[in-house]
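This report concerns only the one structure given below.
Nothing in this text is a laboratory measurement; each read-out follows from the coordinates by a stated rule. Keep in mind it's a predicted model, so treat the numbers as computed, not measured. Note: ideal-geometry Cβ built from the backbone for every residue, glycine included; neighbour counts use all protein chains shown.
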Ligand code: ADP
Ligand code: MG
């Protein structure tokens, strides 16, 4: 292949611009990104070598090396992983294939602070090298290809890049950063080591650097030619809980989630029994920009006995928990498991059930905590993810009860944070049902004339204002034996909550108003199914209700808005 100059895809140019301009204040993350790519490349090789052991050639020990050259001002990150073919170099380092890129780009609007947070969420990847380098050269050879089919890719990170074929004996990739003026700190061993221990200690491969020796004569450190491992080099989730610090858990979360905020909670367990696996699961504090995309794959990575199998293994978590991030490492699954097989596997089913329970317990312990801070954390979680958790009521029958207990609403009693259990504990003597009203907004719900009688009697009504609430009501029919009843439907029977006098008054009114009602029925016959006297109004003269089992006015409005 002749040397070629190619242009970056438009999105890449945008990403490059954003990354180099918005992330300068946190520039050291480039090393985390490049180390993570090198580690991914080794994971991929290990996986491909299951079927093609010859790919390991004469170098079966996978590792990363980081070294620099102060004369040439270069910093190199080397791995002996899967490597890149020339075609792969062009497509992987010149375009962005990631799903959701377009959506992501459209969210970036030029607010620097917000952009930086979003970029963090998206994963800045390879291009972050240009924060500190004015040229990046990649030299690589893909496992399985002959030495003559190596590739050199080089770019200044502006409009285009060059590719050419080279001969390269070693399998794997060198990413060579030509450091910008003023970035000399990235040629200091202690600086590099401190960044590695901060971000990459959990990488399961050894990261090697050249040892430094004290030269007494010259009174300075000098680099030897002996390599030493500078990270812990064992997968974080495979370590015993007692050996992992909170800071390490937090850092690992950032690495896998690209979320710059700390997680809300995490759980780390080794599960034994019917199915054997390790789980390390995190609940994020903030919803990602594409939370609403139900097709978006989940955030849980699957490993089998420490070998990386796939990202986003959606079969491991129910869709309504798609915001959970983490790692599941199975001891039972075959290494060549495919997405299709995962869907059918009994082991996976056991893992999914076990992991769902873990996540729900994490949420329950926040929600039920006596500690105010924990409780607030739960409310914050609910504000971010509540609507998604509500999807669970229709999806996960086994956990319906537990889910219902986790739901929070507004009510005539409090503007937020009301659980169904709270509601039940405040029910009036003789009250059977949990009364609810669905509306577009809290203001509209509160102003509804249908609430008048409930206010007068001091009966609490849940105010449902979330778009999915109507749907929720169709799946959540009762809670602990109390039916959920919409006050906007049918003739709400307050039953034993009505005293004898009121009942008499209502009957008397119905008789007295019979002729009027008849005339109203007649004149509204095309527009209303029935007109009846009610005891539910206190100040208003009339209100509209729908029949039990009919679509509520609110839902009809929502459907109309969405063009149905
Ligand atoms: P991501 O890692 O999220 O896929 P990056 O921008 O970090 O995105 O990397 C883009 C792609 O470039 C990777 O998916 C991979 O295919 C390729 N790549 C990057 N670094 C290496 C490497 N050291 N070895 C092999 N392939 C690599
Ligand atoms: Mg990457």
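What is the list of residues in segment 55-88 whose amide nitrogen lies under 18 Å from a point 7 angstrom out from the Cα of residue 148, following Cα to Cβ?
Hits in segment 55-88 for residue 148 at 18 Å: 85-87.
When the label point is put 7 Å from the Cα of residue 156 along its Cα-to-beta-carbon vector, which residues of segment 176-193 have a backbone N closer than 19 Å?
176-183
Gain in length, residue 88 to residue 401, computed as 0.36 nm per residue apart minus the alpha-carbon separation, to one decimal in nm?
In short, 107.7 nm is gained.
Antiparallel as a % of all DSSP beta bridges within the chain, to the nearest 5?
Among the beta bridges of the chain, antiparallel pairing accounts for roughly 80 percent.
Jot down the radius of gyration and Dmax of the chain, Cα atoms only, both in angstrom.
Rg, Dmax (Cα atoms, Å): 30.8, 114.
Where q = 0.12, 0.14, 0.20, 0.25 Å⁻¹, what log10 of I(q)/I(0) comes from the Debye formula for segment 157-229, counting one point per Cα?
Here log10 of I(q) over I(0) equals -0.55, -0.73, -1.16, -1.27.
On a 0 to 90 degree scale, rounded to 10, what angle separates helix 372-395 from the longest Cα axis of the chain?
Approximately 80 degrees, to the nearest 10.
Segment 160-301: Rg/Rh from Cα coordinates, Kirkwood Rh?
Ratio of gyration radius to Kirkwood radius: 1.06.
For Cα pairs less than 8 Å apart in space and 6+ apart in sequence, what is the mean separation divided by the residue count of segment 346-501, i.e. the relative contact order in percent?
The normalised contact order for segment 346-501 reaches 21 percent.
Restricting to DSSP H runs of at least four residues, report the calculated mean residue ellipticity at 222 nm for the chain, -39500 (n - 2.57) per run over all residues, nearest 500 deg cm²/dmol.
-10500 deg cm²/dmol
Using Cα atoms only, what is the angle between the long axis of helix 246-257 and the major principal axis of the chain, expressed in degrees (0 to 90) to the nearest 10?
Once rounded, the angle reads 90 degrees.
Ranking 237, 190 by Cβ neighbours within 10 Å, fewest first, what do you get?
In order of increasing Cβ crowding within 10 Å: 190, 237.
From the C-alpha gyration tensor of segment 300-372, pull out the three semi-axes of the equivalent ellipsoid (sqrt of 5λ each), sorted largest to smallest, in whole Å.
26, 12, 10
By how many degrees, between 0 and 90 and to the nearest 10, does the Cα long axis of helix 112-122 differ from the longest principal axis of the chain?
Orientation of helix 112-122: about 80 degrees from the principal axis.
Just want the ordering: 277, 303, from fewest to most Cβ atoms lying within 10 Å of their own Cβ.
Taking fewest neighbouring Cβ atoms as first place, the list is 303, 277.
In what sequence do 168, 346, 73 fall when counting other Cβ within 10 Å, fewest first?
Arranged by neighbour count, lowest to highest, 168, 346, 73 become 346, 73, 168.
What number, in nm² with one decimal, is the all-direction average of the projected area of the convex hull of the alpha-carbon atoms of segment 400-446?
3.8 nm²
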